[in-house]
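Please read the structure below before turning to the comments.
Just so you know, all these numbers are worked out from the coordinates, no wet-lab data involved. Fair warning: this is a prediction, and the values are worked out from it, not measured in the lab. Positions of Cβ are backbone-derived with ideal geometry, glycine not excepted, and every protein chain shown enters the neighbour counts.
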Ligand code: IFM
């Protein structure tokens, strides 16, 4: 059922609901050579010709490293009560192993203190795709040792910030790290090896489990440990058994490969069957599944758009449209027999169809998959071609409508029994959108890339009002 544009009764959220915004280190910080930071795989990838739009990179990004105080003040002025950001691993542990660099940890400590001072609850993500290049040179995520290195890094950050940060997220969207990074190659490190991508997925799972234990060993028990999955809402094009099987395969590759071991302690048998020509999964060692299947305190869900799939020989099949960038290599190992279709409806600048019902379905799915586990929407948002008006203001009514629709879907899920405790808009401000460079603007705050000046868009003011009142304001006419 579509969400009504402006419902008759106001959409109101529980008083303790977190109204946040999210960012990640490489997308906003800049200062890539300061304080002993060394290159991550994204520094290397973005400086490799042809890998990002216009050869753009995060060297300066939006200079958050130097402007964090103003950025926190801006969040406070808007009325947000939560902020999710990630730590740059190579800023803290430049070689990905060994002792931490104090300057790196101090930056995050200052940021956290600034947030707490303004009454904004910090949520730390330990890994948002920026593996230290040295670890990629040693094999990257397909190499088991990377999981152990990650647990060590988690412990360092947990020790440094665990006294003041309550919300922890181990990995952001491990699907992207594994399959865009090692199968389709549209993300760093740009490898195109489907077998390696499945191995990477397992080691990311292991890294999650080991880091969750490491965090627990050094942090106060009150802290919450979660991870953020970009779980796909996979819909079959028809009810034909071949299309249902295609949807099942993509569901395993998008979701089951992570939530299977993490939530249930096992990979789906159907995933093993689907990928048997690529890998025998012999790198899943005794004890790994136990290590991965750690008790969690919460689960983060990132949602943008649903996927519509059919069997490749379906008459209605069209060109590949999975929305994950242009590559001759698929991010879906062993799924050449599946076709992705464009879901009908309006789209954002990313070409992603706007469908808040998908968010409701996703929340209800995890309410069933993980009963009793609190949920957070750790990312949701839209890119639009925002431009300042002559008066300098930036009006983005499409984003307001997008946010309204998705927040109303969250609220509907809460009414249906889901325990959703917060929402983090992606993104606080325009930033480096990976392979798309700076072309796609996801921010609620506009960034002028020539001056780096920040201007809250009308959506930021709308969202801030929602945060302050706990009720969604009306949606202006587009
Ligand atoms: O910008 C990204 C973010 O880093 C991870 N989730 C999706 C966003 C939009 O593509």
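Considering segment 425-439 alone, what residues qualify as being within 11 Å of the ligand (Cβ to nearest atom) and touching a strand residue (DSSP E or B) at 6+ places or on another chain (Cβ under 9 Å)?
Within segment 425-439, 426, 427, 430, 431, 433 qualify.
Could you please give the count of residues in segment 371-385 that are away from the ligand (no atom under 15 Å from the Cβ) and surrounded by 22 or more Cβ atoms within 10 Å (Cβ to Cβ)?
Residues that pass the stated criteria total 1.
With the condition kept exactly as written, say whether any residue in segment 180-203 is under 18 Å from residue 84 (Cβ atoms) and away from the ligand (no atom under 16 Å from the Cβ).
Looking for residues that are under 18 Å from residue 84 (Cβ atoms) and away from the ligand (no atom under 16 Å from the Cβ), one finds none in segment 180-203, hence no.
When you scan segment 414-424, do you find a residue that is within 16 Å of the ligand (Cβ to nearest atom), under 19 Å from residue 79 (Cα atoms) and within 25 Å of the chain's Cα centre (by Cα), even just one?
Looking for residues that are within 16 Å of the ligand (Cβ to nearest atom), under 19 Å from residue 79 (Cα atoms) and within 25 Å of the chain's Cα centre (by Cα), one finds at least one in segment 414-424, hence yes.
I need a count of the residues in segment 448-478 that are assigned to a strand (DSSP E or B), surrounded by 14 or more Cβ atoms within 10 Å (Cβ to Cβ) and in contact with a helix residue (DSSP H, G or I) (Cβ under 9 Å, 6 or more places away or on another chain).
Count: 2.
Is it the case, given these coordinates, that residue 333 is touching a helix residue (DSSP H, G or I) at 6+ places or on another chain (Cβ under 9 Å), in contact (Cβ under 8 Å) with a residue 40 or more places away in the chain, buried (at least 19 other Cβ atoms within 10 Å of the Cβ) and closer than 20 Å to residue 185 by Cα?
Numbers: touching a helix residue (DSSP H, G or I) at 6+ places or on another chain (Cβ under 9 Å): yes; in contact (Cβ under 8 Å) with a residue 40 or more places away in the chain: yes; buried (at least 19 other Cβ atoms within 10 Å of the Cβ): yes; closer than 20 Å to residue 185 by Cα: yes.
Judged against the criteria, residue 333 is a match.
When segment 421-447 is examined, which residues are found to be under 23 Å from residue 10 (Cα atoms) and crowded, with 23+ Cβ neighbours inside 10 Å?
If the condition is that a residue be under 23 Å from residue 10 (Cα atoms) and crowded, with 23+ Cβ neighbours inside 10 Å, then 422, 423, 424, 425, 444 are the ones that fit.
Give the residue, chosen from 443, 392, that is assigned to a loop (DSSP other than H, G, I, E, B), touching a strand residue (DSSP E or B) at 6+ places or on another chain (Cβ under 9 Å) and on the phi > 0 side of the Ramachandran plot.
That would be 392, the only listed residue that is assigned to a loop (DSSP other than H, G, I, E, B), touching a strand residue (DSSP E or B) at 6+ places or on another chain (Cβ under 9 Å) and on the phi > 0 side of the Ramachandran plot.
Does segment 78-86 include one or more residues that are outside any helix (DSSP H, G or I), more than 22 Å from residue 443 (Cβ to Cβ) and over 20 Å from the mean Cα position of the chain (by Cα)?
no
Please pick out the residue among 159, 166 that is touching a residue at least 24 places away in the same chain (Cβ under 8 Å), away from the ligand (no atom under 16 Å from the Cβ) and over 20 Å from the mean Cα position of the chain (by Cα).
Working: 166 fails: over 20 Å from the mean Cα position of the chain (by Cα).
Only one candidate passes the filter, namely 159.
Considering each of 82, 154 in turn, give the residue that is closer than 29 Å to residue 253 by Cβ, away from the ligand (no atom under 16 Å from the Cβ) and touching a residue at least 60 places away in the same chain (Cβ under 8 Å).
154
For (1) outside any helix (DSSP H, G or I); (2) in contact with a strand residue (DSSP E or B) (Cβ under 8 Å, 6 or more places away or on another chain), each residue gets a yes or a no:
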site: 31; (1), (2): yes, no
site: 60; (1), (2): yes, no
site: 75; (1), (2): no, yes
site: 98; (1), (2): yes, no
site: 106; (1), (2): no, no
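Under the condition of being closer than 19 Å to residue 173 by Cβ and surrounded by fewer than 22 Cβ atoms within 10 Å (Cβ to Cβ), which residue from segment 283-296 is farthest from the chain's Cα centre (by Cα)?
Looking at residues that are closer than 19 Å to residue 173 by Cβ and surrounded by fewer than 22 Cβ atoms within 10 Å (Cβ to Cβ), I get 294.
Only one of (1) surrounded by fewer than 23 Cβ atoms within 10 Å (Cβ to Cβ); (2) within 21 Å of the chain's Cα centre (by Cα) fails for residue 20. Which number is that?
Of (1) surrounded by fewer than 23 Cβ atoms within 10 Å (Cβ to Cβ); (2) within 21 Å of the chain's Cα centre (by Cα), only one is false for residue 20: (1).
Could you pull out the residue among 347, 399 that is under 22 Å from the mean Cα position of the chain (by Cα), surrounded by fewer than 20 Cβ atoms within 10 Å (Cβ to Cβ) and under 19 Å from residue 433 (Cα atoms)?
347
Which of the residues spanning segment 123-160 are under 22 Å from residue 19 (Cα atoms) and out of contact with any strand residue (DSSP E or B) (no Cβ under 6 Å at 6 or more places or on another chain)?
none
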